[in-house]
1. Would you list which lysines come within 24 Å of LYS481, measuring only between C-alpha atoms, while excluding same-chain residues fewer than 8 positions from it?
2. Using the per-residue mean of other Cβ atoms lying within 10 Å as a proxy for protection, in what order, highest first, do the peptides 441-449, 263-271, 168-176 fall?
3. What nm distance separates the two modelled labels at LEU693 and ARG599, each placed 7 Å from Cα along Cα→Cβ?
4. Sticking with the crude label model, points 7 Å out along Cα→Cβ, report the distance from LYS48 to ALA464 in nm, one decimal please.
5. What distance in nm separates the two pseudo spin-label positions at GLN264 and ALA571, each 7 Å out from Cα along the beta-carbon direction?
6. Which far-off residues, 5 or more places away or on another chain, put their amide H under 5 Å from the one on ASP278, with H placed in the peptide plane?
7. Can you tell me which of 77-83, 675-681, 488-494 comes out highest on packing, and rank the rest after it, using the mean Cβ neighbours within 10 Å?
8. How large is the accessible surface per residue of the stretch 417-520, computed with a 1.4 Å probe and reported in Å² as a whole number?
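The values are calculated or read from the model by the stated rules, or taken from the named source; none is laboratory data. Computed from a predicted structure; not experimentally measured. Cβ: placed from backbone, ideal geometry, glycine included. Neighbour counts: every protein chain shown. Keep in mind that these areas ignore ligands, DNA and RNA; they rest on the heavy atoms of the full protein, side chains included. Shrake-Rupley method; radii C 1.70, N 1.55, O 1.52, S 1.80 Å.
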Amino acid sequence: MTTVSQYQLRRLSVANLERESEGGHATAEAILSVEGIHCGRCAVSISKILKGISGVNDVLVNVPVSQVNVSWFPDIVGLDSMLQALDQNGYPAQTLASGGNTELAAQQRRTALKRLLVAGLGMMQVMTFAVALYLEPSSVSGMATEQFLRLVSLMVATPVVFYAGAPFFVNAWHSLKRRQLDMDVPVALAIGIAYTASVASTFLDGEHVYFDSATMFVFLLSVARYFDLNARNNAQARVQAALDVLPATCYRMVKDDAVEIPIQELKTGDVVLVKPGDTIPGDGVLVLGAGEVDESLITGESRPIAKNVGDQVVAGSINCTGVIRVRVESVDHDTVFAAIQRMAFSAQATKPRVGRIADTVAGFFVLGVLVVALTTGLVWFILDPDRMLSVVLSVLVITCPCALSLAVPTSLIAATSALARKGLLLTESNGLETLSKVNHFVLDKTGTLTKGIPRVCDIKVSPASGLNEKDCLSIAASLEKDSGHPYSLAFSDIKIQGAAAAQEIHPGLGILGEIKGKQFRVGTANFAGGSDDHVLCDGVPTHATPIFLGDGKELIARIDLVDDLRTGAQAFVQTLRRNDISVSLASGDHSGIAVSIGRQLGVETILSRQTPEDKLSYIKSLQDKGLTVAMVGDGINDAPILSQADIGITFRNGTNLAQACSAMIVLSESLDPAREAFLISKRTMGTIKANILWAIAYNVITVPLAVSGHIAPWVAAAGMSFSSMFIVANASRLAFER
């Protein structure tokens with residue numbers, strides 16, 4: 001009887017996307033959530049593992065969120081084979097669509113926290129014992145007490161090393177199996193050597209033990225890994241939440257009845273009923289009714305688009321006015337929304353990544369340490385065999401890559417703490433490194449440089465109307481109330497004098513209704529009762545959008561609406577310009593508003609009516625010129641551009657997909673945190689470079705002393721600890737940046 005393996009159980013939950021390839025094979029796609037991805041080398045390893053399996057078509061590794069997009073030929077290979085291959089090479093994986101990722105992330109976080117607590121408590125206890133051990137034997141009441149302290153230190157350090165430090169040893173073992181020297185190799189080597197030498201010294205009556213060094217190293221690295229795990233899990237959660245943009249259910253027409261069904265049951269050819277304020281569930285054609293559709297999340301156009309029978313509509317857009325029926329032509333992975341998601345994933349997985357300096361150095365460093373230690377041992381075996389072990393231990397301990405390993409993560413943790421205090425969340429560990437090298441910023445307009453909420457900025461009333469400004473605003477507010485139109489937000493705080501009756505919504509034109517027995521209209525000039533050459537149409541500010549109030553025969557007033565600049569936008573652009581950073585505005589809005597906003601802020605290049613494809617091409621053209629590009633945006637349409645850019649920045653109230661594709665999320669309504677992030681990134685990279693230089697200088701100075709036998713093992717351990725603490729203290733200054 002055949003049993004179902006754990007890999008096959010995981011496989012059952014994936015929604016396979018089957019297509020016909022050029023070779024005639026049906027292909028399937030899945031997004032895998034993979035553990036153990038730390039850097040670009042991991043991405044290369046995973047690609048090699050999967051592409052080495054016959055039947056795998058393509059692999060894209062998304063390092064920041066620890067995900068892999070894989071396509072394969074199901075008639076040649078099964079998903080369970082790929083999952084097994086990843087597991088065997090130290091990359092446990094499961095499909096993102098399995099529904100268990102939230103529970104898995106929580107379990108990983110709990111386990112990491114328990115390891116961190118064990119390491120922290122153990123380190124404090126062992127270092128307390130170490131104070132006495134580093135004193136003269138007479139100071140600790142004789143050798144018996146010293147041996148007792150060693151044994152107690154051994155008992156406390158053992159769970160720290162083998163439980164809290166287990167991930168380092170496991171990852172190092174898998175790295176060696178793949179014939180690589182990742183950062184976990186020198187980390188595990190340092191912990192293992194310090195612990196093994198201490199155990200040997202304890203039972204062989206050696207001179208010194210180094211349990212304090214081993215436990216401290218495990219604790220400090222565990223802190224960095226816990227932070228990194230949280231950042232990755234949060235990024236994964238945002239990717240999964242991006243799917244929530246589409247409704248969970250929709251209304252399918254069965255004869256003349258609207259039946260509510262889960263969106264997963266929607267099929268091509270179904271006719272769905274979409275009420276005002278509801279999200280359109282699939283790409284299709286309007287077959288009944290008319291209305292205005294807000295496509296800003298998809299196209300970037302801030303103004304609702306009028307739709308009539310026969311017009312195309314896209315999934316993810318919002319029906320603003322009127323009940324409509326849509327015949328669905330594309331669902332699920334074939335929609336424009338899904339295409340944008342795939343563009344975002346592809347761009348993020350293949351965008352240029354800045355190399356990890358410490359990883360590269362550590363790879364050569366561990367080889368150098370082994371060569372130096374071996375050579376030192378051979379020389380001292382010839383010169384003085386009795387001192388050989390002591391000298392070799394000194395070399396191995398003093399050259400421990402602890403300081404080098406901590407140089408980057410401690411600086412990033414401190415900088416991230418400072419950014420969080422200023423209102424910015426860092427979701428990619430290399431975000432600050434990349435931001436510090438940016439020389440061109442591309443900015444979206446609606447919801448990025450502006451608040452995305454219209455406001456009445458001015459009103460012009462015809463003297464012949466006999467009404468004042470307050471009356472006109474009240475009438476307009478009555479007509480717009482409960483219309484669902486985005487412009488209605490501009491009148492939400494205006495007190496109405498009477499409710500509008502017999503309201504009619506005319507998509508693309510405006511709204512009419514009766515107030516106290518008299519008919520009024522609000523919308524375009526022609527609809528309200530005038531023409532484009534009316535005197536009220538003159539002098540409209542370039543940065544404003546005019547709507548007109550009339551009675552169907554004459555225009556009564558012109559109301560100008562504006563989308564205010566986001567707080568800090570001016571200071572943000574000025575800071576970039578002062579640092580010789582070029583700035584571009586790329587907006588889906590019409591040229592009048594885009595140019596007005598761009599000139600007001602002092603932006604150099606202004607691009608209007610930009611589609612997602614246009615923006616993506618523009619970003620690529622800048623990168624082809626050798627520029628390091630940052631993108632600031634907030635909509636679904638910005639997601640591919642945020643991913644393609646070397647670094648993406650979005651907002652807390654931005655779309656889930658934009659957040660998933662960004663390295664930084666501004667948590668406030670202001671752009672000031674983004675400006676602070678740019679400045680802190682410069683200081684952070686300076687600190688990281690100083691830490692790395694210190695770690696190198698420390699080894700250059702101390703290694704010759706250790707090799708020549710002038711440094712005892714306990715002095716080497718103290719020196720290694722001091723070097724690490726210096727790195728931590730120097731990095732911690734970033735956390736208190738003002």
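1. LYS275, LYS307, LYS451, LYS460, LYS470, LYS495, LYS516, LYS518, LYS553
2. Numbers: 441-449: 25.9, 263-271: 14.6, 168-176: 19.0.
In decreasing order of mean packing, 441-449, 263-271, 168-176 become 441-449, 168-176, 263-271.
3. My value for the distance between the label points is 4.7 nm.
4. Those two pseudo-labels are separated by 8.2 nm.
5. 4.8 nm
6. ASN319
7. Details: 77-83: 19.9, 675-681: 21.9, 488-494: 16.9.
Put in order of decreasing packing, that is 675-681, 77-83, 488-494.
8. Working: 4670 Å² over 104 residues.
On a per-residue basis, the stretch 417-520 sits at 45 Å².
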